[in-house]
Amino acid sequence: MLTIHHLENSRSQRVLWLLEELGLPYEVKRYERRPDLTAPPELRAVHPLGTSPVLEEGGLVLAETGAIVTYILQTHGRGRLVPADGSPDGWRYQHFLHYAEGSAMPPLFLKLVLSRIPEGAPVLVRPVLRAAMAAVDQRLTKPRLERHFDYWDASLAESGWFAGPEFTAADIMMSFPVEAAVSRVGVGLRAHIPDFLARIHARPAYRRAVERGGPYAYA
Ligand SMILES: N[C@@H](CCC(=O)N[C@@H](CS)C(=O)NCC(=O)O)C(=O)O
């Protein structure tokens, strides 16, 4: 039996969703965030990185969402949710599988960190820090994020999905950056992004995964 170590309100929601799409049996071990929003120390006992998701099956303990998604699809997927290997859509799929965590999430994470720094500082220095962080955001994060949002919108324009004409696991991987961007930043007037979110949120497997995973602020 597959076990997923799942942190509430986190990117590991995608793994539960993939398992629901494939109709596979699995066990969820849920973890609550600490007040500072970090993962509880018990996750360190599961994997040295102490982050979520982590998959366990047999003797395997695997961290990193993209690797977990690939493992599930290669071991249990029977060819579902992946375009033909080596085809143009297959390479688009590989691109978005890696891009989601490797390129899309870092500026979103930076944005989150910048917004939190002033709140953790003594009250008197907060206004100065707020101004400084806003300047960093304007110069560094905002233009980069705008470029990513344009890229997502253009990528979705053709079929409504990220990797070819069908729904694939690339859409599952991209769901978290898109959800995080819409809820943390707002993506402005980009036609295809809200439509993508509405379609994934309406999928029965997505709804079932949210029920299994518990609190998820982005659904
Ligand atoms: N790139 C990794 C990121 C893992 C990660 O940072 N997970 C977050 C969940 S959103 C986490 O566990 N955060 C809690 C912490 O860092 O203490 C992946 O996709 O698995």
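The values are calculated or read from the model by the stated rules, or taken from the named source; none is laboratory data. For clarity, every value in this text was computed on a predicted model and none was experimentally measured. Neighbour counts run over all protein chains shown; Cβ positions are idealised from the backbone, glycine included. For the accessible areas, the whole protein counts, side chains as well, though only heavy atoms, and no ligand, DNA or RNA atoms are used. Shrake-Rupley method; radii C 1.70, N 1.55, O 1.52, S 1.80 Å.
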Task: Failed item in (1) within 9 Å of the ligand (Cβ to nearest atom); (2) of a type outside the set (D, E, K, R); (3) open to solvent by less than 80 Å² (accessible area, probe 1.4 Å); (4) over 16 Å from Ala169 (Cβ atoms), with Val28 passing the rest - done: (1)
- [ ] Could you grab me the full set of residues in the stretch 4-25 that are touching a Pro at 6+ places or on another chain (Cβ under 6 Å) and either of a type in the set (Gly, Ala, Ser) or more than 12 Å from the ligand (Cβ to nearest atom) (or both)?
- [x] Ser12
- [ ] Could you list, in sequence order, all residues of the stretch 197-210 that are open to solvent by 70 Å² or more (accessible area, probe 1.4 Å) and closer than 15 Å to Val15 by Cβ?
- [x] Arg208
Task: Qualifying positions in the stretch 102-122 - open to solvent by less than 40 Å² (accessible area, probe 1.4 Å) and touching a residue at least 24 places away in the same chain (Cβ under 8 Å) - done: Ala104, Met105, Pro107, Leu108, Leu112, Leu114
Task: Of all residues in the stretch 39-56 being of a type in the set (A, V, I, L, M, F, W, C) and under 17 Å from Glu27 (Cα atoms), the one that is most open to solvent (accessible area, probe 1.4 Å) - done: Val46
TODO: From (1) part of a loop (DSSP other than H, G, I, E, B); (2) in contact (Cβ under 8 Å) with a residue 40 or more places away in the chain; (3) among the hydroxyl-bearing types (Ser, Thr, Tyr), pick out the condition that doesn't hold for Thr38.
DONE: (2)
TODO: Show the residue pairs that are 6+ apart or on different chains and have beta-carbon atoms under 8 Å apart, the first residue being within the stretch 157-178 and touching a residue at least 12 places away in the same chain (Cβ under 8 Å), the second being within 16 Å of the ligand (Cβ to nearest atom) and in a loop (DSSP other than H, G, I, E, B).
DONE: Phe176/Arg11; Phe176/Tyr218
TODO: Considering each residue of the stretch 39-69, count those that are more than 12 Å from the ligand (Cβ to nearest atom) and of a type outside the set (A, V, I, L, M), and give that number.
DONE: 5
TODO: Pull up the stretch 57-74, narrow it to residues that are in a helix (DSSP H, G or I) and not β-branched (Val, Ile, Thr), then point me to the one that is surrounded by the fewest Cβ atoms within 10 Å (Cβ to Cβ).
DONE: Gln74
- [ ] Would you mention how many residues in the stretch 1-25 are of a type in the set (A, V, I, L, M) and surrounded by fewer than 20 Cβ atoms within 10 Å (Cβ to Cβ)?
- [x] 3
TODO: Report yes if Arg184 is open to solvent by 60 Å² or more (accessible area, probe 1.4 Å) and within 18 Å of the chain's Cα centre (by Cα), otherwise no.
DONE: yes
- [ ] Could you check, for the stretch 72-92, whether at least one of its residues is within 16 Å of the ligand (Cβ to nearest atom), touching a Gly at 6+ places or on another chain (Cβ under 9 Å) and more than 21 Å from Trp152 (Cβ to Cβ)?
- [x] yes
TODO: Go through the stretch 82-154 and tell me which helices (runs of 4 or more DSSP H), entirely inside it, have 3 or more residues that are within 20 Å of the chain's Cα centre (by Cα).
DONE: 88-99, 105-116
